[in-house]
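Notes follow the structure.
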Amino acid sequence: MKRFKNRRTTSTAAILCMAALLFAVLLAGCSVQKETEASGDQQQETWSEEMENSTALSEEPDDTDTIGNADNPEDTGDIGNPENPEDTSAALTLPILDEINSKVQIGTSGSSLIAVQAAVKLLEWGEHTGLDPEEIREAASAWLSEQTDSDREEALLKLEMVDDAYQRLLKEDARELLDTAGCADTEIFWGSEPVEPVEAIMQAAGLRKD
């Protein structure tokens, strides 16, 4: 009888333990479900906020990346100095003047022949440049004004030598002059008429009468 009671007590304790364990499992499951649902709701709210922010940004105009006027596709903005609409490029430079100034020498042996070679280069430049003669004249004047007094005087003498050779090359004895100056392989690609870009430089140098 006593043994039967012990067994019954043991069975009751086991049942109670199993019931407690089942209750704990169910409670844990409910907690996980609630946490999962809360996490899902929070993630959904985050996505919703991101979508709203993205939509708001896409609807706002981006002034920094806009080129020109949306109402007028051809209007791509101002170029040059906004205070002076006519100033659409940097200051014009004439590298041909630097080349002449560096190669032509005054009072040295063969200086006149070098002047002829420089005149050929000047003619070639004048025939192919697309610059406006007035722009060239202004650029040449600016180039001369940047020189010191002694350098300007020397540069003007060099231009005078080249101008003399240039005018001779416009005449009928151009072939003979080229051969003498070591330019036998140079074809005469110019005519007898003055070349406007070259004339603009010489005018700036004071070698032409107004």
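The values are calculated or read from the model by the stated rules, or taken from the named source; none is laboratory data. Everything numeric in this text was worked out from a predicted model, so none of it was measured. A quick note on method: Cβ atoms are made from the backbone with ideal geometry, for glycine too, and the neighbour counts reach across all protein chains shown. Protein only, heavy atoms only, side chains kept; ligands, DNA and RNA dropped before computing areas. Shrake-Rupley method; radii C 1.70, N 1.55, O 1.52, S 1.80 Å.
Considering each residue of the range 95-114 in turn, at least one proves to be open to solvent by less than 30 Å² (accessible area, probe 1.4 Å) and of a type in the set (Ser, Thr, Tyr). The single residue among Ala200, Ala184 that is among the aliphatic types (A, V, I, L, M) and in contact (Cβ under 8 Å) with a residue 40 or more places away in the chain turns out to be Ala200. Asp87 passes every criterion in (1) open to solvent by less than 70 Å² (accessible area, probe 1.4 Å); (2) at pLDDT 90 or above; (3) part of a loop (DSSP other than H, G, I, E, B) apart from (2).
Restricting attention to the range 104-134, the residues being of a type in the set (D, E, K, R) and without any contact (Cβ under 8 Å) to a residue 60 or more places away in the chain number 2. Across the range 165-181, the qualifying residues are those that are in contact (Cβ under 8 Å) with a residue 40 or more places away in the chain and touching a Ser or Thr at 6+ places or on another chain (Cβ under 9 Å), and the one among them that is nearest to Leu144 (Cα to Cα) is Ala165.
In the set (1) surrounded by 15 or more Cβ atoms within 10 Å (Cβ to Cβ); (2) under 21 Å from His128 (Cβ atoms); (3) not aromatic (Phe, Trp, Tyr), the condition left unmet by Ile188 is number (1).
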